[in-house]
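Enquirer: The following block contains the structure, expressed as structure tokens.
The values are calculated or read from the model by the stated rules, or taken from the named source; none is laboratory data. This one's a predicted model, so the numbers in the text were calculated from it and none came from an experiment. Glycine also receives a Cβ, built like all others from the backbone with ideal geometry; neighbour counts cover every protein chain displayed.
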Amino acid sequence: MIKVLFLTRFSINSVFGGDTVQLNMTAKYLRKIGVKADIISNNEEIEYENYDLIHFFNIIRPAEMLYHIGKTNKPFVISTIYVNYWDYENYQAKSFKKFLLKLINVNTLEYLKVWARFMVNGERIKSTKYIFKGQESSIKHLLEKAVMILPNSNSECLRIKNDYGTNTPSSITCNGIDADVFGFNKNNILNREGALCIGRIEGRKNQLNLIRAINQTNIPLTIIGKPAPNHMKYFEQCKKEAGKNVLFIDFMDQQELVNYYAKSKVHILPSWFETTGLVSLEAAAMGCNIVITDKGDTREYFGEDAFYCEPDDIDSIKNAIIRAYESPVNEKLQKMVIENYTWQKAAEQTLAAYNEVLSKKE
């Protein structure tokens, strides 16, 4: 039996995100196919010798990874989840920050965010190497030392190689849906109404522009999710501008989300960047038409079966919503997601990568 240590960011459960789902679901389905997968927070004491390899998640949080690879020689792989919010940062920046962004690059910005999380949220910087290396050099170092990276798409893999010049072996592992929870029910096709947006409430997810767009229609919108830390002002602005057709509901687990997916005609995620958008996959599997942007890697997953909009264009978002709302349910998209993008398939791909890595070690 392969024994794998899943090392997570400090805030994996308190700040719920796509990496939370990817990590938990990958572990769940790896266990079903015979892998011992232990999920441990990076701030816990760890007995590395009990594992065959380490699996990290989220390359843009390199400080936490650097600390652990300095403690052990165990081989490690990285699910990169490589996002880039540079367009959003420029879009929302006020005058001073806009000036600052002209002087720095995306890696410097992420480095400053690490210090901000330390000062505001108390997230300790465990690796002194990171402090001196900075963001870009730390990521390059991790990519050099990793035995394999596991991006979620070919386009994500290409972005990493272009941005950091890495030749680290790669193996694509898809994002997916939990087939034990989500699946299409044909009985719901004719009874659908309203729009849905599920996700952490923050500027990057772009709920405010979504509200401004939906306010120009008569379509009811349900927004489900918690505001991200340090985004309470954004959340308050969303509530302030929301029309009578907008309902806010707090975070709920996946089992509870099923009913909302099942009765909604459209799911909207007008984000500034998504490697996939897990909720878009879940919504598509449950029979919703989906509205998304092509910022990130979404086109590789959804092709022409989604309704695309520009995140900074209210009319573009509104028009995409209306087109999706007035179109029949896309059963081709549902079938494609259910057949190709499940956590079962992701686990099988991940296990194949583990076997390749460990066979070379021998």
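Enquirer: Consider the stretch 87-135. How many of its residues are closer than 23 Å to Glu44 by Cβ, modelled with pLDDT of 80 or more and not aromatic (Phe, Trp, Tyr)?
Expert: The total comes to 2.
Enquirer: I need the full set of residues from the stretch 142-159 which are part of a helix (DSSP H, G or I) and either hydroxyl-bearing (Ser, Thr, Tyr) or over 18 Å from Tyr301 (Cα atoms) (or both), in order please. Lay out the reasoning, then the answer.
Expert: First pass over the stretch 142-159, keeping only residues part of a helix (DSSP H, G or I): 142-145, 154-159.
Within the stretch 142-159, Leu142, Leu143, Glu144, Lys145, Ser155 meet the criteria.
Enquirer: Tell me, please, whether a residue that is farther than 25 Å from Thr168 by Cα and not hydrophobic (A, V, I, L, M, F, W, C) can be found in the stretch 48-64.
Expert: So in the stretch 48-64, the residues farther than 25 Å from Thr168 by Cα come out as 50.
In the following step, the residues that additionally are not hydrophobic (A, V, I, L, M, F, W, C) were identified as 50.
Yes: one or more hits.
Enquirer: Which pairs turn up if I take residues in the stretch 225-247 that are in the same structural domain as Ile214 (by TED's automatic domain parsing) and under 18 Å from Ala213 (Cβ atoms) and look for partners that are assigned to a helix (DSSP H, G or I) and of a type in the set (S, T, N, Q) with beta carbon separation below 7 Å, at least 6 apart in sequence or on another chain?
Expert: So the pair list comes out as Cys238/Gln207.
Enquirer: Here's something else I'd like to know. I'd like to check something: does the stretch 240-254 contain any residue that is of a type in the set (Asp, Glu) and more than 26 Å from Gln216 (Cα to Cα)? Show your work before the answer.
Expert: Applying the first criterion (of a type in the set (Asp, Glu)) to the stretch 240-254 yields 241, 250, 253.
From what is left, the residues that are more than 26 Å from Gln216 (Cα to Cα) are 253.
Within the stretch 240-254 (the criterion being of a type in the set (Asp, Glu) and more than 26 Å from Gln216 (Cα to Cα)), the answer is yes, since at least one residue qualifies.
Enquirer: Also, quick follow-up: Within the stretch 24-34, work out how many residues are out of contact with any strand residue (DSSP E or B) (no Cβ under 6 Å at 6 or more places or on another chain) and in contact (Cβ under 8 Å) with a residue 40 or more places away in the chain.
Expert: 6
Enquirer: Report yes if some residue within the stretch 287-298 is over 19 Å from Asn175 (Cβ atoms) and either in contact with an Asp or Glu (Cβ under 6 Å, 6 or more places away or on another chain) or assigned by TED's automatic domain parsing to the domain that holds Met148 (or both); otherwise report no.
Expert: no
Enquirer: From the list Asn73, Asn90, Asn58, which one is in the same structural domain as Leu143 (by TED's automatic domain parsing), within 20 Å of Ile125 (Cβ to Cβ) and free of Cβ contacts under 8 Å to residues at least 60 places away in the same chain?
Expert: Numbers: Asn73 fails: within 20 Å of Ile125 (Cβ to Cβ); Asn90 fails: within 20 Å of Ile125 (Cβ to Cβ).
Residue meeting the stated conditions: Asn58.
Enquirer: Mind telling me which of the residues Ile219, Ile290, Ile224 ends up being of a type in the set (Val, Ile, Thr) and either closer than 20 Å to Gln334 by Cα or buried (at least 24 other Cβ atoms within 10 Å of the Cβ) (or both)?
Expert: Values: Ile219 fails: either closer than 20 Å to Gln334 by Cα or buried (at least 24 other Cβ atoms within 10 Å of the Cβ) (or both); Ile224 fails: either closer than 20 Å to Gln334 by Cα or buried (at least 24 other Cβ atoms within 10 Å of the Cβ) (or both).
Matching residue, one of Ile219, Ile290, Ile224: Ile290.
Enquirer: Could you check the stretch 183-202 and list, in sequence order, the residues that are assigned to a loop (DSSP other than H, G, I, E, B), modelled with pLDDT under 95 and more than 27 Å from Ile78 (Cα to Cα)?
Expert: The answer is Gly183, Phe184, Asn185, Arg192, Glu193.
Enquirer: Right, next: Given (1) in a helix (DSSP H, G or I); (2) without any contact (Cβ under 8 Å) to a residue 60 or more places away in the chain; (3) in contact with a strand residue (DSSP E or B) (Cβ under 7 Å, 6 or more places away or on another chain), identify the lone condition not met by Lys332.
Expert: Only one criterion is unmet by Lys332, namely (3).
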